[in-house]
Each structure stands twice: as structure tokens, then as C-alpha cells.
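*Asks:* Next up is a structure, given as C-alpha cells.
The values are calculated or read from the model by the stated rules, or taken from the named source; none is laboratory data. Predicted, not measured: the structure shown is a model, and the values here were computed from it. Here Cβ is always computed from backbone atoms with ideal geometry, including for glycine, and neighbour counts include all displayed protein chains.
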Amino acid sequence: MKYWRIVRKIVKEKYGIGTEQLDFLLFLHSEEYFTAATFREYSKLFNWKHSRFRVMIVQGWIVNFKKKKNSNKAIYGISHKATNLVNEVYRLLNKGIFSENGQTNPFFKKTNVPYTFKLYADAIVRINEATRQQQRRSLE
């Protein structure tokens, strides 16, 4: 969790999502399958936005696994795309080494980037150097 801010920023820029959507996906990943009522219950912790559930379905973050039939509720789950996002978050947090490639890390793109991207890129380079040095020491 030491580099959570950087991981969160990388994932938000790479996948084009907001902080609230990322929080929802992390919560829903642990639920595996859920109903719309479960989603609404968790959404009470966030700013009120009536269309959030539908927007996440349209954007492909949530998929319907089982349609509503008679008195049975519809069952939802997160999509393959959302699972990849969550797995990348965990991988980045556990690995400690961040990509310095402009194709995989938005902070290392060369053109039309804000100044804050350059600041994050510098921080990532320093973090990677410190992590590599720490890994070399543990091998001895």
C-alpha cells in the first residue's frame, strides 16, 4: 500500500476511470457475484448518482450473468476487463517495480502530457531504483 497513490493514478489514466469506479470495482471483485441491491447498498457510501449502475454496465465493467426470471433477481458480476484491471492493481502493489515504457505506462508518454505526468514519471524512476537496490541486497 506504500505506493497506492501512484498505482491508483496509473490505473485511472490507463483505463480511463474515476476513483469511485475503481473503488467499486475493487469492492465488487471481492463479491464475485452480486445483485443490484448489493450494488446500491455499497453505493450509499459514495456521492449520490442514480445512473452509476447502468453506466458501469454500458462501459463494460459489469456484466449480467443471470437474467431476472419471475421472482428471482438478476445476478451480476464484473467483466473480464474489470478483472484484468483489479489484477493489475494487485500486481503493481505486490511487485514494486513499475513499467517505464510509454506504451504500458501513461506517465512515460513523450508528447502532449501534463506536467504532473512528468512528476509521477520521476517518482516512478526513483521508486524502481530503490526497489532494485533493495532486491540486490536481499540476494546476498
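*Asks:* What number of residues in region 68-109 are small (Gly, Ala, Ser), over 14 Å from the mean Cα position of the chain (by Cα) and farther than 17 Å from residue 7 by Cβ?
*Replies:* Residues flagged as small (Gly, Ala, Ser), over 14 Å from the mean Cα position of the chain (by Cα) and farther than 17 Å from residue 7 by Cβ within region 68-109 amount to 4.
*Asks:* Looking at (1) touching a strand residue (DSSP E or B) at 6+ places or on another chain (Cβ under 8 Å); (2) surrounded by fewer than 16 Cβ atoms within 10 Å (Cβ to Cβ); (3) hydrophobic (A, V, I, L, M, F, W, C), which is the one condition that is false for residue 62?
*Replies:* Of the numbered conditions (1) touching a strand residue (DSSP E or B) at 6+ places or on another chain (Cβ under 8 Å); (2) surrounded by fewer than 16 Cβ atoms within 10 Å (Cβ to Cβ); (3) hydrophobic (A, V, I, L, M, F, W, C), the odd one out for residue 62 is (2).
*Asks:* Please find, among 9, 49, the residue that is outside any loop (DSSP other than H, G, I, E, B), under 30 Å from residue 105 (Cβ atoms) and of a type outside the set (Gly, Ala, Ser).
*Replies:* Among 9, 49, only 9 is outside any loop (DSSP other than H, G, I, E, B), under 30 Å from residue 105 (Cβ atoms) and of a type outside the set (Gly, Ala, Ser).
*Asks:* Take the residues in region 95-116 that are of a type in the set (A, V, I, L, M, F, W, C) and touching a residue at least 60 places away in the same chain (Cβ under 8 Å), then tell me which one is surrounded by the fewest Cβ atoms within 10 Å (Cβ to Cβ).
*Replies:* 98
*Asks:* Let me ask something else. Looking at 77, 16, can you tell me which residue is surrounded by fewer than 17 Cβ atoms within 10 Å (Cβ to Cβ) and modelled with pLDDT of 90 or more?
*Replies:* Result: 16 is the single residue among 77, 16 that is surrounded by fewer than 17 Cβ atoms within 10 Å (Cβ to Cβ) and modelled with pLDDT of 90 or more.
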